[in-house]
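In what follows, a single structure is set out as structure tokens and then discussed.
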Amino acid sequence: MYRPEIEGFLQRAYLALEEKVKEAPLTDKDLKAVFEVHIAPRLERMGISDAFERKQIEDYIFSKLNDRSRQLNSQYWGK
């Protein structure tokens with residue numbers, strides 16, 4: 001399941017979250033938007049045909065985005 005390129009995708013998404021958190025606390029809606037803009041197109045280009053593998057990768061990515069958003073919200077907003 002591990003693919004090294006996913007870490008690069010996450011780094012770009014983290015940067016977007018860092019910019020967004022300055023405006024307001026991050027929400028699930030923000031995470032979904034960042035996923036759709038910064039990660040979904042790249043996953044499509046990877047051409048993962050196995051639905052189970054793709055779901056595992058998406059779950060891993062959302063877990064990482066969720067962890068990072070909690071850190072950023074705590075750092076910027078004390079939440």
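In segment 41-77, what residues are among the basic types (Lys, Arg), touching a helix residue (DSSP H, G or I) at 6+ places or on another chain (Cβ under 8 Å) and under 14 Å from residue 28 (Cβ atoms)?
68, the sole residue that qualifies.
Give me the pairs: first residue in segment 1-24 and more than 16 Å from residue 37 (Cα to Cα), second residue surrounded by 11 or more Cβ atoms within 10 Å (Cβ to Cβ), beta-carbon distance under 6 Å, and six or more apart or on different chains, which are they?
Final answer for the pair search is 1/56; 21/72; 21/76.
Within segment 14-26, restricting attention to residues that are aliphatic (A, V, I, L, M) and outside any helix (DSSP H, G or I), which residue is nearest to the chain's Cα centre (by Cα)?
26
Can you name every residue in segment 27-79 that is over 10 Å from the mean Cα position of the chain (by Cα), surrounded by fewer than 14 Cβ atoms within 10 Å (Cβ to Cβ) and among the hydroxyl-bearing types (Ser, Thr, Tyr)?
27, 49, 74
So, in segment 27-54, how many residues would count as being farther than 26 Å from residue 73 by Cβ, among the charged types (D, E, K, R) and part of a helix (DSSP H, G or I)?
4
No value in this document is a laboratory result; all are computed from the given coordinates. In this text, all values refer to a predicted model and were calculated from it rather than measured experimentally. Because the Cβ atoms are built from the backbone with ideal geometry, glycine has one as well, and the counts that use them run over all protein chains shown.
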